[in-house]
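These notes are about the structure you will find just below.
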Amino acid sequence: MSEKRKQEIQRIKELESINLARDEIRDLVIDTKKEVEKDNDLLAAQINDELNKRGIKSIDIVGAIGAGKTAILEKITEKLSKKYRILVICGDITTRVDADRIEKHNAETVQINTGRECALNAYHINQVIKNKDLFDFDLIFVENVGNLICPSDFKLGTDKRITVVSITEGEWVIEKHPMLFKMSDIAVINKIDLLERLGTNIDKMIKDACGFNPDIKVITTSAKTGENIDTLIEALEL
C-alpha cells in the first residue's frame with residue numbers, strides 16, 4: 001500500500017471514531033450504535049405524540065458552553081410566563097445552576113445531571129414527563145448539555161430545535177459544526193452586543209447556517225440587552 005493511500009485511510013479513521021474499535025468488534029460497535037439510535041428515535045416519536053395529544057408545545061435548545069442558552073431562556077420565560085405554564089428541563093454534567101437561574105422567572109424546572117454523558121437523550125426526557133402531571137403545562141423547553149457535537153445523535157421528541165452559538169466562538173463555529181444546523185429549525189447567533197468590539201464576521205455565520213440548511217431561520221440576539229428576543233419568540237410561534 002502506498003504512503004499516500006495510508007494517509008487517506010488514516011484521515012478517514014480520524015473522521016469516524018467507530019474505526020478506532022478493534023477489527024474483530026467493529027461490526028458489533030456499529031450495530032450497537034444503530035440500535036441505540038433506533039430505540040431513541042422511537043421513544044422520541046412517542047414523546048412527541050404524547051405532548052401533541054395534550055396540546056403542549058415543546059422546544060429543545062442546544063449550543064456550546066457559554067453561548068448564552070440559559071440567558072436566552074431566562075428572557076423568554078420572563079416574557080411568556082404570564083401566557084404559558086412553562087416547564088424547563090435543564091441538562092448539565094453536574095449542579096443545578098441553570099435550573100435555579102431560570103426558575104426565578106416563573107417557570108418550573110427539572111435538572112438532569114448526566115454525569116459522564118455529553119448529551120440528553122429521549123430516555124431522560126421520558127423519565128421527566130412520566131413523573132410530571134402534564135396537565136399542568138402548556139409549554140416545555142429542554143436545555144441540552146453544553147455541546148455542539150453529541151446532541152446531534154439524539155432526538156428528544158420536541159416540536160422544534162434551536163441551535164445557539166455566539167460571536168465569541170468565532171465566525172468559523174458553524175462551518176466546523178454543521179450537523180446540528182442541518183437538524184435545527186432556528187439558528188440563534190447571540191452576544192451581538194459585543195460585535196463592534198470583537199469584529200466577528202457575522203455575515204459569514206449567517207451564510208454558513210443557511211448554506212447547511214436552506215430552511216433554517218437565523219436570528220441574531222443579545223441575551224444581555226434583550227435585542228431580538230421578541231423576534232425569536234415570534235419565530236417560535238409563541
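So if I take the centroid of the Cα atoms in segment 90-167 and the same for segment 53-67, what is the distance between those two points in Å?
Cα centroid to Cα centroid, the span is 7 Å.
Which residue, N213, S58, S166, has the largest displacement toward the positive end of the dipole of the chain when charges sit on each Cβ (Lys, Arg +1; Asp, Glu -1)?
Result: S166, furthest along the dipole toward the positive end.
Taking 29 Å as the cut-off for C-alpha to C-alpha distance, list the pairs among K155/K217; K176/K217; K79/K204 that go past it. Please report the intermediate quantities before stating the final value.
Numbers: K155/K217 19 Å; K176/K217 19 Å; K79/K204 31 Å.
Going by Cα-Cα distance, K79/K204 fall outside the 29 Å limit.
If you restrict to DSSP beta bridges whose two residues both lie in the chain, what percentage is antiparallel, to the nearest 5?
Numbers: 2 of 32 bridges.
Counting DSSP beta bridges with both partners in the chain, the antiparallel share is about 5 percent.
Rounded to two decimals, what ratio of Rg to Rh does the chain give with C-alpha atoms and a Kirkwood Rh?
Numbers: Rg = 19.2 Å, Rh = 19.0 Å.
With Rg and the Kirkwood Rh in hand, the quotient comes to 1.01.
Distances longer than 21 Å among the Cα atoms of segment 57-161: what percent of all pairs is that? Kindly include the intermediate steps, with their values, before the conclusion.
Details: 1400 of 5460 pairs.
Looking at segment 57-161, the distances longer than 21 Å represent 26 percent of pairs.
222 nm [θ] for the chain, helices only, -39500 (n - 2.57) per DSSP H run of 4+, per residue, to 500? Walk me through the numbers before you get to the answer.
Details: 10 runs with 100 residues, N = 238.
Counting only the DSSP helices, I get -12500 deg cm²/dmol.
Given Cβ point charges of +1 (Lys, Arg) and -1 (Asp, Glu) and nothing else, what value in debye, to the nearest 20, does the dipole of the chain about its Cα centre take? Spell out each step's value before the answer.
Details: 36 positive and 42 negative charges, 33 e Å.
Dipole about the Cα centre, nearest 20: 160 debye.
Each value in this text was obtained by applying a stated rule to the coordinates, not by laboratory testing. Treat the numbers as computed from the prediction; the structure is a model and nothing was measured. FYI the Cβ positions are ideal-geometry reconstructions off the backbone, even for glycines, and counts take in every protein chain you see.
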